[in-house]
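Enquirer: Below: one structure in structure tokens.
The values are calculated or read from the model by the stated rules, or taken from the named source; none is laboratory data. Since the model is a prediction, treat every value here as computed from it, not as a measurement. Note that each Cβ is placed from the backbone with ideal geometry, even for glycine, and that neighbours are counted across all protein chains shown. Calculation scope for accessible area: heavy atoms of the full protein, side chains included, ligands and nucleic acids excluded. Shrake-Rupley method; radii C 1.70, N 1.55, O 1.52, S 1.80 Å.
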Amino acid sequence: MANDLILDHEMAIRKKKKNRIIALSVIGVALVLAILIIVGACVPMNLKPAVVGKPDRVVIYDKSNAYGEFSSDQSLYNDFMEKFDNIYQASYLVSLFSGRLGDYSISGQSENLTLSGVKSNVLEKGYYVEFKYSQPQTLKYADGSEYRNIFAQNEKLTFTSIYFALSEKNELKSLDMYVAVKYSDAENATTYVVKVTQKANTNSIYSSIEDFKTL
């Protein structure tokens, strides 16, 4: 009888120790997760698509009318590009859960989107921006590989203009950048676009739009 009591007592002590170890382990894991979340929320990332290089000229439109224009040798250009580079700022945590982390999607070619259609249906609803390049730029994926014409696989696509709309909403959301391309086998002079989509917040540009009025 006495031996049974001693055995029960020892088992109870062992059970308490086991429960204490489990509890401490759970607390430790929770603390690690909390630290990772806090760090992830604080660490900044820039999600700017690699395909969007610094343009030679920037043009801002108010609906269909030119609103401001400046080249790379003007101070307004530097002010604008500083704001532009910041529209893609997001925390590591947001980037992770949005599935981006520097990646971006390229789409729209199969839909035969035209520049004139995108302007009338999307861009000319408010303020929008055009990046102009003096030399043809090659459309590329985030990993550096060239995006190829789906209608002619041996043809790489180049562009000299990119367009995107400005939003007054102060939130990180999907931003479509419309890359104007022309196909070598096209039978007419129609300019088509493909979309480069990434998370961004253009409110900082929109809210200071008057600073960039030159026309």
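Enquirer: Quick one: would you say GLU171 is closer than 24 Å to THR114 by Cβ and at pLDDT below 95?
Expert: So GLU171 fails the test.
Enquirer: Restricting the search to region 181-203, which residues are surrounded by fewer than 19 Cβ atoms within 10 Å (Cβ to Cβ) and more than 15 Å from the chain's Cα centre (by Cα)?
Expert: LYS182, TYR183, SER184, ASP185, ALA186, GLU187, ASN188, ALA189, THR190, THR191, listed by residue number.
Enquirer: Working only within region 122-163, note down all residues that are free of Cβ contacts under 8 Å to residues at least 12 places away in the same chain and either surrounded by 12 or more Cβ atoms within 10 Å (Cβ to Cβ) or assigned to a strand (DSSP E or B) (or both).
Expert: GLU146, ARG148
Enquirer: Consider only pairs whose beta carbons are under 6 Å apart and that are at least six residues apart or on different chains; among these, list those whose first residue lies in region 189-215 and is touching a residue at least 24 places away in the same chain (Cβ under 8 Å) and within 30 Å of SER110 (Cα to Cα) and whose second residue is open to solvent by 30 Å² or more (accessible area, probe 1.4 Å) and not in a loop (DSSP other than H, G, I, E, B).
Expert: Close Cβ pairs satisfying both conditions: THR190/THR114; TYR192/THR114; LYS195/SER107; LYS195/ASP176; THR197/SER105; THR197/SER174; THR197/ASP176; LYS199/SER98.
Enquirer: Go over the candidates VAL51, VAL26, VAL39 one by one and state the one that is at pLDDT below 95, assigned to a helix (DSSP H, G or I) and either in contact with a Lys or Arg (Cβ under 9 Å, 6 or more places away or on another chain) or open to solvent by 80 Å² or more (accessible area, probe 1.4 Å) (or both).
Expert: That would be VAL26, the only listed residue that is at pLDDT below 95, assigned to a helix (DSSP H, G or I) and either in contact with a Lys or Arg (Cβ under 9 Å, 6 or more places away or on another chain) or open to solvent by 80 Å² or more (accessible area, probe 1.4 Å) (or both).
Enquirer: Can you report the number of residues in region 122-159 which are more than 21 Å from GLU69 (Cβ to Cβ) and among the hydroxyl-bearing types (Ser, Thr, Tyr)?
Expert: 5
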